[in-house]
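First the structure, in the form of structure tokens, and then the observations on it.
The values are calculated or read from the model by the stated rules, or taken from the named source; none is laboratory data. Note that the structure is predicted; figures quoted are calculated from it, not measured. Glycine gets a Cβ as well: all are built from the backbone with ideal geometry, and neighbour counts include every protein chain shown. Please note that ligands, DNA and RNA were not included when accessible areas were found on the heavy atoms of the full protein model with its side chains. Shrake-Rupley method; radii C 1.70, N 1.55, O 1.52, S 1.80 Å.
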Amino acid sequence: MKRTLSVLLVIMVSIATAVTLRAETDESKPLSAKQWQRAIAIVGQNAALDGRYGHPESEFPEEYMLDDLNKVYKSSKWKKVYEYLKSKETEGGNIEKIREIAKEYTQPAGVVRKLKEYIASHPESASNTPPASPAPVDSEVPATQPVNTATIDAAPEEEMPATDSIAIINATAGGSTSESHGGWAMVLDVILLLMSAAALYFAWITKKENAELKKELDYKTNKLNSQFEKFSKNITTDLNRVTYLVNRRRPTDIDFDGGEKDGTEVAYNGPKRLFLTKPDANDYFIRTTEVVEIGNSIFELSTNDGVTGTFKVIDNPEVHQFALMMPTENLVRACTGKGIQISNGKTRIVTDREGTARLENGRWHVAVKAIIHYEA
């Protein structure tokens with residue numbers, strides 16, 4: 001798909017280049033009278049701007065001519081430019097001739113560009129004739145030759161002076177030039193529009209592909225993070241288990257010269273009961289003891305392997321009274337239940353389902369909260 005779009009763009013650029021070159025070959029065709037006068041005015045405006053005394057084109061009529069500029073510009077520099085251009089205003093010619101005239105005062109390229117824009121946006125018909133050159137004087141006719149007035153009077157009306165015929169021919173050529181400019185400009189606009197549409201479509205395809213790649217990358221990243229988290233948790237669990245078993249060994253079973261006596265290892269010997277205080281903000285129980293401490297201990301934990309265990313609220317009236325004084329602080333981080341934040345008028349805590357805890361880095365952490373309710 002990308003290769004097809006690339007080939008299409010290359011073809012369009014080639015066509016646009018050909019159209020531009022074709023338009024350049026029209027510079028040798030004669031301009032109409034109005035186009036020629038406009039070209040002279042453009043030369044004057046560019047000369048004024050280059051001389052730093054010109055005004056923006058927006059201050060002039062849309063189809064300004066040389067005399068419109070002369071009403072505004074009054075400097076001595078402008079007078080010289082105006083006199084020269086005014087002498088050229090009636091000559092007529094083509095774009096190549098305008099280039100030669102423009103070289104005297106400004107950059108020809110800028111003048112030609114503006115002129116072509118004007119021609120493309122103002123196509124003219126054959127009725128707009130270029131300025132007619134003065135009729136040639138026949139110097140070979142003797143001054144004493146008699147003039148036959150009868151012949152002149154009898155001349156047919158259909159006959160036309162040679163200068164008028166030339167003017168009509170030039171006008172027709174000028175109109176054809178304008179129409180040609182307008183047609184090529186329209187073709188060029190269509191080509192540029194197609195190129196822009198192709199570029200936008202290509203950008204849309206690229207954006208869509210990038211979005212799909214990003215989605216796939218995010219999925220793989222999340223999957224990798226999940227696997228890493230699971231692997232890390234397993235390592236932590238195994239490490240805690242090993243640490244606990246090492247700490248539970250009896251000193252008499254350890255040979256400090258290296259190795260174990262009798263080649264045996266003391267495993268954890270049966271269930272054990274521990275007592276926990278309230279959890280902290282990270283759900284780690286703050287303190288662990290082997291006996292109940294009234295005023296501190298709230299939960300009773302049972303473990304078989306020293307790594308995982310289940311816990312419940314200690315079944316003791318004094319513990320209940322202490323815990324219910326501030327249920328949000330003492331119970332909510334380790335327990336859940338309906339309305340357990342409010343304990344007014346309640347005196348007893350019942351554990352409906354025990355919670356689970358895991359030993360992490362030497363401290364018991366809430367894995368699953370216990371479910372409780374209060375009784376009066």
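So which of 215/338; 208/233; 223/369; 223/278; 116/207 end up more than 31 Å apart by C-alpha?
Working: 215/338 41 Å; 208/233 38 Å; 223/369 27 Å; 223/278 35 Å; 116/207 39 Å.
With Cα atoms farther than 31 Å apart: 215/338; 208/233; 223/278; 116/207.
Accessible area of the stretch 272-366 with a 1.4 Å probe: how many percent of it is carbon plus sulfur? Could you put the intermediate results ahead of the total?
On the way: 2300 of 4950 Å².
Answer for the stretch 272-366 is 46 percent, counting heavy atoms of protein chains only.
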Work out how much length residue 290 to residue 375 would gain on full extension: take 0.36 nm times their residue separation and subtract the Cα-Cα distance, in nm to one decimal.
27.8 nm
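Can you compute the FRET efficiency between residue 79 and residue 200 using 1/(1 + (r/R0)^6), with r the Cβ-Cβ distance and R0 = 41 Å? Round to the nearest 0.05. Write down the numbers at each step before the final one.
Working: r = 52 Å, r/R0 = 1.27.
It comes out at approximately 0.20.
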Can you give me the C-alpha center-to-center distance between the stretch 22-72 and the stretch 198-226, rounded to a whole angstrom?
53
